[in-house]
Amino acid sequence: MSTVLLADDDRAIRESLVRAMELEGYRVIPVPNGVQALNEVRRSGVDAAVVDVMMPGVDGLDVCRLLRADGYRTPILLLTARSETSERVEGLDAGADDYLVKPFELDELLARLRALLRRVEPPDGNRVLQVSDLRIDPAARRVWRGGTAVELSKTEFDLLELLVRNAGIVLDHATIYDRIWGYDFGVESKNLAVYVGYLRRKVGGPSLIHTVRGVGYTVRGA
């Protein structure tokens, strides 16, 4: 049974989601604010967190930033009433793994939660992967470019590992969305492009991640 933290200051939403998640077989820890959310993650070691952005005091973005600063890799799904791309990018920059805009369908929230939890399962192969001077240790979840360690979020690591495991093969957008997020965001989504941009900046140049316009992405040696 997976344990999920649910942080939302709206009591009605909180109680409704608790009932729905428990019916799906999750153990749910509901909290009404960011301070309690931080305390529960640090104390209970939850498997995933569903966190509302707009909470008084410590908001959802602060929860993400503080947990990532402390080294917690707990998958985080942000709930937000703000649909602008800049607001979503801010959530991803804060360390969230995914976001869902209110109002949302319950089935979609549960699907995204299942996708987050699938991504914490251990990979099938743990051999060290290498393309040019980029090395990935899947077992340790560590990355190096040359002799320099590269710090990546969970989603960034998963995406880079997928591309490197398929080096030389062009992976289309739909395939990447399915393997990393568990569903397709749709043709208008900028989510994948945002994460590719993060990887290119963090891994450094010369870039090993190449865009195939109208198709997807591939990794090739420099």
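The values are calculated or read from the model by the stated rules, or taken from the named source; none is laboratory data. None of these values were measured; they are calculated from a predicted model. Ideal geometry is used to build each Cβ from the backbone, glycine not excepted, and the neighbour counts take in all protein chains shown. The protein model used for the area step is the full one, side chains on, heavy atoms only, and it has no ligands, DNA or RNA in it. Shrake-Rupley method; radii C 1.70, N 1.55, O 1.52, S 1.80 Å.
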LYS154: which lysines have alpha carbons under 18 Å from its alpha carbon, excluding same-chain residues fewer than 8 sequence positions away? LYS202
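Count the DSSP beta bridges whose two residues both fall in the chain, then state the antiparallel fraction as a percent rounded to the nearest 5. Could the numbers behind the result be given before it?
On the way: 16 of 33 bridges.
Around 50 percent of the beta bridges assigned by DSSP in the chain are antiparallel ones.
Taking a probe of 1.4 Å, how large is the accessible area per residue of the chain, in Å²?
On the way: 10780 Å² over 222 residues.
Accessible surface, normalised per residue, equals 49 Å².
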So for the chain, averaging the separation of alpha carbon pairs under 8 Å that are six or more residues apart and normalising by length, what relative contact order in percent results? 13 percent
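Please label the shape of region 1-65 as rounded, prolate or oblate, based on the square roots a ≥ b ≥ c of the eigenvalues of the alpha-carbon gyration tensor (a/c under 1.5 means rounded; beyond that, a/b larger than b/c means prolate, else oblate). Provide the component values of the computation, followed by the final result.
Working: a/c = 2.33, a/b = 1.29, b/c = 1.80.
Cα axes put region 1-65 in the oblate bin.
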Cα-based shape type of region 128-174, given that a ≥ b ≥ c are square roots of the gyration tensor eigenvalues and the cut on a/c is 1.5: oblate
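For GLY205, what charge total do you get from the other residues with a beta carbon under 15 Å from its beta carbon, if Lys and Arg give +1 and Asp and Glu give -1? Write out the running numbers ahead of the final one.
Values: positive: ARG145, ARG200, ARG201, LYS202, ARG220; negative: ASP133.
Summing Lys and Arg as +1 and Asp and Glu as -1 gives +4.
Answer rounded, prolate or oblate for region 13-124, using the Cα gyration tensor with square roots of eigenvalues a ≥ b ≥ c: rounded when a/c is under 1.5, else prolate when a/b is larger than b/c, else oblate. List each step's numbers first, then the result.
Values: a/c = 1.18, a/b = 1.07, b/c = 1.10.
Rounded, since a/c falls under 1.5.
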With charges set only on the Cβ (+1 for Lys and Arg, -1 for Asp and Glu), what does the dipole of the chain come to about its Cα centre, in debye to the nearest 20? 900 debye
Cα lying deepest toward the dipole's positive end in the chain, options VAL50, VAL128, GLY95, charges on Cβ: VAL128
Percent accessible area from carbon and sulfur atoms, the chain, protein chains only, probe 1.4 Å: 48 percent
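Within a Cβ distance under 12 Å of ARG68, other residues only, what is the Lys/Arg minus Asp/Glu net charge? Could you put the intermediate results ahead of the total?
Values: positive: ARG65, ARG73, LYS154; negative: ASP62, ASP70, ASP93, ASP97, GLU151, GLU156.
Once positives and negatives cancel, what remains is -3.
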